[in-house]
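Worksheet: one structure, shown below.
The values are calculated or read from the model by the stated rules, or taken from the named source; none is laboratory data. Computed from a predicted model, the values in this text were never measured in an experiment. Ideal geometry is used to build each Cβ from the backbone, glycine not excepted, and the neighbour counts take in all protein chains shown.
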Amino acid sequence: MNHLDVEQVERLLDGEKLTNDDRWARVHVAECVECRDRLALAEREAAEIRSLLRSLTCVLPMTLRKLNTDIRMTAERIVAGDG
């Protein structure tokens with residue numbers, strides 16, 4: 001039995017339009033436990049990556065602000081002769 005390849009799983013995951021050769025993929029996923037499990041795993045991994053990226057977009061600006069503040073304070077100490 002042929003199974004989905006990585007590109008087909010990604011197209012299904014991304015909701016991309018399937019080519020004529022790939023249209024069987026949706027039917028195959030409905031019938032094949034192995035490919036259905038692979039697609040479900042890919043969906044969970046994609047959700048985890050999106051969640052991690054969202055947390056980075058929240059943390060990164062705060063980290064950059066703190067770094068900027070630390071640099072400014074260090075520069076002020078150096079200019080004042082305390083550094």
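Quick notes
- So Arg23, is it of a type outside the set (A, V, I, L, M, F, W, C), surrounded by 10 or more Cβ atoms within 10 Å (Cβ to Cβ), within 30 Å of His3 (Cα to Cα) and at pLDDT 80 or above: no
- Being at pLDDT 85 or above and not polar (S, T, N, Q) is not true of Glu76.
- Restricting Glu48, Glu16, Glu43 to those that are loosely packed, with under 11 Cβ neighbours inside 10 Å, acidic (Asp, Glu) and either modelled with pLDDT of 75 or more or under 21 Å from the mean Cα position of the chain (by Cα) (or both) reduces the list to Glu48.
- The single condition from (1) exposed (fewer than 11 other Cβ atoms within 10 Å of the Cβ); (2) modelled with pLDDT under 85; (3) part of a helix (DSSP H, G or I); (4) of a type outside the set (Ser, Thr, Tyr) that Ala30 fails is (2).
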